[in-house]
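Taking it in order: structure first as structure tokens, then the write-up.
Throughout, read-outs are computed from the coordinates displayed, never taken from laboratory work. The structure presented is a predicted model; accordingly, all values stated were derived computationally and were not measured. Cβ coordinates were reconstructed from backbone atoms using ideal geometry, including for glycine residues, and neighbour counts include every protein chain displayed.
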Amino acid sequence: MKKFVLLGALVFVDCAFFMFRGDVFRDFWEKCLVVSVPMDHADALIVLGGEPLARPQEAARLYGQGIAPLVFVSGIGDHGENRRILLRNGVPDTAIHIEPGSFSTFTNALFLRPILRAAHVRTALIVTSPFHTRRALATFRRVMPGIRFGVIDASIGWWRRPEGQGDVNRFAALEFVKTAEYWLCYGIMPFGYPLESGVVERIRAAGLRRVPGDSPKSLRPSV
């Protein structure tokens, strides 16, 4: 069954380039892929590799606002550039922690797990590209259920311009394939888990007996 889902995602991407144009496809993927779980305060910010422009700049802005005292940079290849941008934007070197070996969203979470535990992180805000927010949040919640994660998106200015819309739409189309891949390989299906970790428990504690989407699958991605 999962193989058919992955195949369907591939077919969808092929069709998207021909059937969807500009704003139509953008509106579609923004509704499907983008989630926002901001935090007023967290123990740490997490900058995921793969886009060393908007992500570190947004993390530096959040650090400057006092959202978190630590910034963890994860990912092979661009961690050095992410660190340099953080430093240029006012984040002190003592607040920056590098995880240089991960090569995917899943390994971002897996390799960061012992580092965050050693730093006694209990809450963390992920900073990533808008089309990546849903899968990133679901992956980190699955790998580290003991930590409460939020997520916020960071967009390159080029993507907001008409000339850059084709680029961001292409990345978003590929994200549907990656989402299917994560279900197939890791059992992580982000679309089934819209609630923030702990929301159901807090609602129950308030005395409500039933929560929309309240099921074991709605609380946390399963693998």
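Using the basic label-point model (7 angstrom from Cα toward the beta carbon), what is the residue 119 to residue 98 distance in nanometres?
Those two pseudo-labels are separated by 1.4 nm.
Taking the Cα-to-Cβ direction at residue 32 and at residue 191 and moving 7 Å from each Cα, how far apart do the two end points lie in nm?
0.6
How far is it, in nm, from the label point at residue 161 to the one at residue 76 when both lie 7 Å from their Cα along the line to the Cβ?
So the two model labels end up 3.3 nm from each other.
Could you order peptides 45-52, 70-77, 117-124 by the average number of other Cβ atoms within 10 Å of their residues, highest first?
Working: 45-52: 25.4, 70-77: 21.6, 117-124: 14.6.
Final packing ranking: 45-52, 70-77, 117-124.
So who's got an amide H within less than 5 Å of the one on residue 151, skipping anything under 5 residues away but keeping other chains? H placed 1.01 Å off N, in plane.
Residues meeting the criterion, in which the H sits 1.01 Å from N, are 37, 126.
Shape of the stretch 19-111 from its Cα gyration tensor (a ≥ b ≥ c, root eigenvalues): rounded if a/c is under 1.5, otherwise prolate when a/b > b/c, or oblate?
Prolate, because a/c is 1.5 or more and a/b exceeds b/c.
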